[in-house]
Each structure stands twice: as C-alpha cells, then as structure tokens.
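The values are calculated or read from the model by the stated rules, or taken from the named source; none is laboratory data. Every value quoted in this text rests on a predicted model; they were computed, and no experiment measured them. Backbone-built Cβ (ideal geometry, glycine too); neighbour counts: all protein chains shown.
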Amino acid sequence: MYIIKMKTIIYYLAIFAVSLASIGIIRLYSTNQPDASTIKVSEEASPTEVSESFGTRTDEVEVPIIMYHNIHKANESDSKYVISEADFENDLKFLSDNGYTTVVMQDLINFVQGKSSLPKKPVVLTFDDGYFNNCAYGFPLLQKYNSKAVISIIGYYTDQFTQSPDENPKYSHLTWDDIKELMKSGNIEFQNHSYNLHTTDKGRNGSKKKRSETLEEYKQLLTSDLQKLQEEFTQNTGYTPTTFTYPFGSVSEASFDIIKELGFQATLSCENKTNFLTHDPECLYMLNRFIRTPSVSVKDILH
Ligand SMILES: [Zn+2]
C-alpha cells in the first residue's frame, strides 16, 4: 500500500516537473523569437557601432570641393573670381544630370565621425568672402536645383555692410540679416573666413604667420581674430561655424594646433585637387579645393 502511494506521488511529481519544464521551454523559445521592435532597437546602434559598420563598408569616399567667389548677372569681368549666373546654372545642371549630390561641411563631419553616410557622388560647393551676389544670383539657382552651398564670410565686411546696408551685387557683402535668412532656407551653411585677416596690409598674408612675430604673438592674433567672428556668429545666429577657410589659401603650419584648440573641426585650403575622406578626424583639415574660373567649369573639373 505504502509503495503504491509512493509510486503515485512520484508519478504526479514527474508530471509536475515535465509541465514546469515545458513552460520554461516555451518561455525560452518565445524570448528567442525577436519581434520587429527588438530588431530595430538593437540596430539603432550607438555612434561607435555605426562608425564601425561604415568603416567596413567603405574606407575612403572621394569628395571634390569647388571654390567660387562672385556670381554676376552676365560675363562682364576679366577676373578669375567672377562667373556669370548662366555659368553657375550650367554647373548645377551638370551636377544634377550626372548624379552628384551637393553636401555641406556638417555632412562631411558627420561621415568622418561615423554618424551618417555620404551620398554616392558627393560634392561641396563653396563660396569665399560672403558677397551679396551669392544671395542675389546664386541662392535662387541653388533652390531651383535643390542644391546646397557653403559660404565663408569675412566678419569685418559683414559688420560694415550691416551698419550701412547697400545691396549692390557688384561689390556688397552679406549682412547678418541676409545670413540669418539664408540659413533658414537650409540651402546654405556658413563658415569662418577670418574676422579681419583677409588682407595683405602691413606685410601680412592672410592668416599666415609673419616671420617677424613670435609663436605666442601669432597665437594671440589668430585666436582673437577667429574667436571674434565665432562669437559674432553665435550672438547673431545662434550657430557657431565648424570650419575655418584660410584667406587666399595662405597657410602656416603654426596655425594647425591653434585652429584645433579653437574648436574648428575642418579647414579649407586652395590646392587644386580632390579629397578622400576616411573616419580619421585629421582628414578634415587642409581640404583641397578646385577653383572654378570663367574658363574652367565644374564639368571640366570633374570629368
Ligand atoms: Zn577669400
């Protein structure tokens, strides 16, 4: 009798154990079946994870950068720094017909930092000096072709023309109000071309170090000039430039550390060749640019 009872107890215990185990298995099985939301969360990776995945997909991306200055209504100047409105439209049309996508400096920085990818054929259109004609003739075309550009301003001229507005497409510079309006459009990104070092006065060649000055003197001069424009940008627009564009492409090695210490993540020079970007932040300094003259179109440059 006792043995029968024991067998019955063991029998029920066994059934109980099997039931527990199967619940466990079912639970285990169900947790191993990821639903769509689980997959999404795990793939929304942190910046480092994204960076690694981009790194394995592509090590180098070619990014040509074009340098413009003035756009006039017609071809009326001999200057290599002036092109016509029609020339600029032909460039935009060529880029659009040939699968290029215009990007700005923030796109390059995001790519290098692994935060986003770049389009298939990226190109950067840059305008130096901040002329009003960029707004009068360039901007409507950028909107028409859904394109973007980077304008590097000289702070001193922006302040002068803000104080005494004069919208002359031949010589005027953009005012802070123009800059704010253009920024709102999303087609234009602004950068720093020095506050007042765009000059060859007093033996200076842009932001290049003078032989006669000490490293400490140079550091003070460059820091106070570039910082002045950075602060004016922040006060007037709420935005702080990421990139320093060397005036006249005149570069001193002594400027490299100073510019990084000021927080600039990229610099633009004027060497007439293309760029290859990687995930090394150093590759954003001293980016090369092709000069677009009236006789050399973007088609000539990129073909
Ligand atoms: Zn310039």
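What the table shows:
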read-out	value
In region 70-129, the residues that are of a type in the set (D, E, K, R), farther than 21 Å from Leu182 by Cβ and within 16 Å of the ligand (Cβ to nearest atom)	Lys80
The listed residue being out of contact with any helix residue (DSSP H, G or I) (no Cβ under 7 Å at 6 or more places or on another chain) and more than 16 Å from the ligand (Cβ to nearest atom), out of Lys180, Lys184	Lys184
Residues satisfying the stated conditions in region 67-106, i.e. in a loop (DSSP other than H, G, I, E, B), touching a residue at least 24 places away in the same chain (Cβ under 8 Å) and under 24 Å from Leu118 (Cβ atoms)	Asn98, Tyr100, Val103, Val104
Criterion: within 16 Å of the ligand (Cβ to nearest atom), at pLDDT 95 or above and surrounded by fewer than 20 Cβ atoms within 10 Å (Cβ to Cβ) - qualifying residue of Asn205, Asn146	Asn205
Subset of region 227-257 [in contact with a Gly (Cβ under 9 Å, 6 or more places away or on another chain) and within 16 Å of the ligand (Cβ to nearest atom)]	Leu229, Tyr246, Pro247, Phe248, Gly249, Ser250, Val251
Extreme residue, nearest to Leu302 (Cα to Cα), among residues of region 97-115 that are of a type in the set (Ser, Thr, Tyr) and surrounded by 17 or more Cβ atoms within 10 Å (Cβ to Cβ)	Tyr100
Gln163 vs. criteria in the same structural domain as Gly238 (by TED's automatic domain parsing), modelled with pLDDT of 95 or more, surrounded by fewer than 20 Cβ atoms within 10 Å (Cβ to Cβ) and closer than 21 Å to Tyr239 by Cβ	no
Failed criterion for Leu197 (all others in (1) surrounded by fewer than 21 Cβ atoms within 10 Å (Cβ to Cβ); (2) in contact with a Lys or Arg (Cβ under 8 Å, 6 or more places away or on another chain) hold)	(1)
Any hit, region 258-265, residues being buried (at least 17 other Cβ atoms within 10 Å of the Cβ), without any contact (Cβ under 8 Å) to a residue 60 or more places away in the chain and touching a Gly at 6+ places or on another chain (Cβ under 9 Å)	no
Selection within region 149-165 - within 16 Å of the ligand (Cβ to nearest atom) and over 30 Å from Thr278 (Cα atoms)	Gly155, Tyr156, Tyr157, Thr158, Gln160, Phe161
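Yes/no matrix, rows are residues, columns are (1) out of contact with any Pro (no Cβ under 7 Å at 6 or more places or on another chain); (2) at pLDDT below 95:
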{"residue": "Asp35", "(1), (2)": "yes, yes"}
{"residue": "Asn75", "(1), (2)": "no, yes"}
{"residue": "Glu89", "(1), (2)": "yes, no"}
{"residue": "Asn98", "(1), (2)": "yes, no"}
{"residue": "Thr102", "(1), (2)": "yes, no"}
{"residue": "Phe132", "(1), (2)": "no, no"}
